[in-house]
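Below: one structure, written as structure tokens.
Values in this text are rule-based calculations from the coordinates and carry no lab data. Not measured: the values here are computed from a predicted model. With ideal geometry, Cβ positions are generated from the backbone for all residues, glycine too; neighbour counts draw on all protein chains shown.
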Amino acid sequence: MTLAEDISEYANSLSYKILPSKTIEIAKDAVIDTFGCALGAQKAVPVQIAKKTIKKSKEGASILCSSEKASSEDAGFVNGIMSRYLDYNDSFESKEFAHPSDNIMPLLAVAEEYNRTGKDVIVAIALAYEVQCRLSTAASLWKKGWDHTSYGLVSVATASSFLMESGVKKTTQAINIALNSHIAMRQVRAGELSMWKAISFPNAAKDAIFSAKLANNGITGPSPIFEGEMGFWKQVTGKFNLSTKTFGNKKNQFLINQRITKFYPAEIRSQSAITAAISAKEEIKNIDEIKKINILTTESGYKVLGKDKEKWSPKTKETADHSLPFIVCSALIYGDITPESYSEKRLTDNRINKLLKLTTVKEKKELTARYPSCISNEINVITKNKTIDKVVYYQKGHPKNPMSKKELEQKFITLASMSLSKNKSMILLNELRNLESIKKISCLFDLCM
């Protein structure tokens, strides 16, 4: 049996009744968090451009905060950009990085177009997380120059096929088609970052949904896509071992249980550094007293957030929220990181730029040794009168330091209020909290108009 066939058989073995209650609740938390992130970004420039670019239709799936509809691949594309833009949606860390909630908006679009229920969506989301996160534990993509969204091709194609009720053979073909044709390069997250950072996964999801539709209608794809002479193992990752016998089921924990919720809108490797910087600020009376800032981080923290020269003078929002020195300096001055932290005013803030010149970022081997079980950072701030050392191992939102339901819901309300009234936000929150009772997915989007 090929790996694509193994994943397909696993997908077709899942049902709502075998999901543990904890997994169901975590899946609903993920949907709430993702909806909030999307509602907080629906006015963003890339979102508006995407809305203008896609083809609208009278049927299909809803575009968030709009009365317009489009095909599920196009609606999922636009809504997916919304949920990703703020860099506030969840993460999963292993050999490969992932933002598995990137699957959610595309899958909601498929569910709406194919008239599936809230229970179906919960299973599809648990499935998508499982596939993407298991692949992420199997082999690194970023170290070979490929983007993590390439695993999203498999997760979205698989979960979309589940929602289309395609069956094992057609799900296998959906994986074959999607993975063969749409692999993304890591350049999207190197140097000066562009708008495409938030679009890379939604674009992969769009391609994966279309691949699933083609397979569902009888198109076959290249096989074996992982093991073949010129397949994924040969061209991209190298051979790895992965069997669905270890995947989530009645006995094994689902990896959605290990999702990391973001407390701040910034790249996941900066979360503990933000907490450390805010704590250090409480001991500094005057920012002008700072003489030196040393940031010690993991290998991936350094390579992703501190290595590139562009991270030391970010010109775009996308570069700034992936710049460990910018984020730390901003937190030391303002005592928080919010979506406004990446405004044009902040990017040209002389106080931040002054501190950046006093800052270093280096890998600390001891922190790398702890990764990915903890994504830690140390901050060393030297002032005229003292040295302040702060280290955070498990930031708020990590499974070992989880956000409470109240904190998660407050994050949702804060973000949703950027698009909806408080009353509508509360009604939507209640509907999302009871997602398993939803019969028509369109009703969730109706509440956002």
Helix 104-113 against the longest principal axis of the chain: what's the angle in degrees, Cα atoms only, rounded to the nearest 10? 30 degrees
Helix 324-334 axis, angle to the chain major axis (alpha carbon atoms, nearest 10°): 60 degrees
Which of LEU305, ILE382, LEU367 sits farthest toward the positive end of the charge dipole of the chain, with +1 on the Cβ of Lys and Arg and -1 on the Cβ of Asp and Glu? ILE382
Calculate the dipole size of the range 268-392 relative to its Cα centre from +1 charges on Lys and Arg beta carbons and -1 charges on Asp and Glu beta carbons; express the result in debye to the nearest 20. 400 debye
Taking Cα centroids, how far is the range 375-443 from the range 156-226 in Å? 29 Å
From the phi of every residue in the range 374-391, what ³J(HN,Hα) in whole Hz does the Karplus formula 6.51 cos²θ - 1.76 cosθ + 1.60 yield, where θ is phi - 60° and glycine or proline is x? 9, 10, 9, 9, 10, 10, 10, 10, 9, 10, 4, 10, 7, 10, 10, 10, 9, 9
Principal axis lengths of the range 161-228 from Cα atoms, whole Å, largest first? 42, 27, 14
q = 0.12, 0.24 Å⁻¹: log10 I(q)/I(0) that the Debye formula gives for the range 232-347, counting C-alpha atoms only: -0.58, -1.35
Per the C-alpha gyration tensor (a ≥ b ≥ c, the square roots of its eigenvalues), the range 289-387 is rounded if a/c is under 1.5, else prolate if a/b beats b/c, else oblate; here it's oblate
Suppose every Lys and Arg Cβ carries +1 and every Asp and Glu Cβ carries -1, with no other charges. What dipole size does the chain come out with about its Cα centre, to the nearest 20 debye? 740 debye
Taking 0.36 nm per residue of separation and subtracting the Cα-Cα distance, what length does fully extending ASN241 through LYS55 add? 62.9 nm
For the range 81-121 versus the range 53-79, the gap between their alpha-carbon centres in whole angstrom: 16 Å
Charges on Cβ only, +1 for Lys and Arg, -1 for Asp and Glu, centred on the Cα centroid of the chain; of SER13, VAL121, PHE412, which one is farthest towards the dipole's positive end? PHE412
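Would you mind checking the pairs LYS144/LYS317; LYS143/LYS303; LYS43/LYS119; LYS52/LYS206; LYS17/LYS405 and listing those with alpha carbons more than 21 angstrom apart?
LYS144/LYS317; LYS43/LYS119; LYS17/LYS405
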Qualifying lysines (Cα of each under 17 Å from Cα of LYS169; at least 8 residues distant if same chain): LYS213
1/(1 + (r/R0)^6) with r = Cβ-Cβ of SER13 and LYS439, R0 = 22 Å, i.e. FRET efficiency to nearest 0.05, evaluates to 0.35
Using only the alpha carbon atoms of the range 61-209, find the Kirkwood hydrodynamic radius as the inverse mean reciprocal pair distance, in angstroms to one decimal. 15.1 Å
Taking 25 Å as R0, compute the FRET efficiency from the Cβ-Cβ separation of GLU192 and MET418 and round it to 0.05. 0.40
Measure nothing but the geometry: give the 0 to 90° angle between the long axis through the Cα atoms of 405-416 and the longest principal axis through the Cα atoms of the chain, rounded to 10°. 90 degrees
Computed over the chain, the convex hull of the Cα set has an average projected area, in nm², of 19.9 nm²
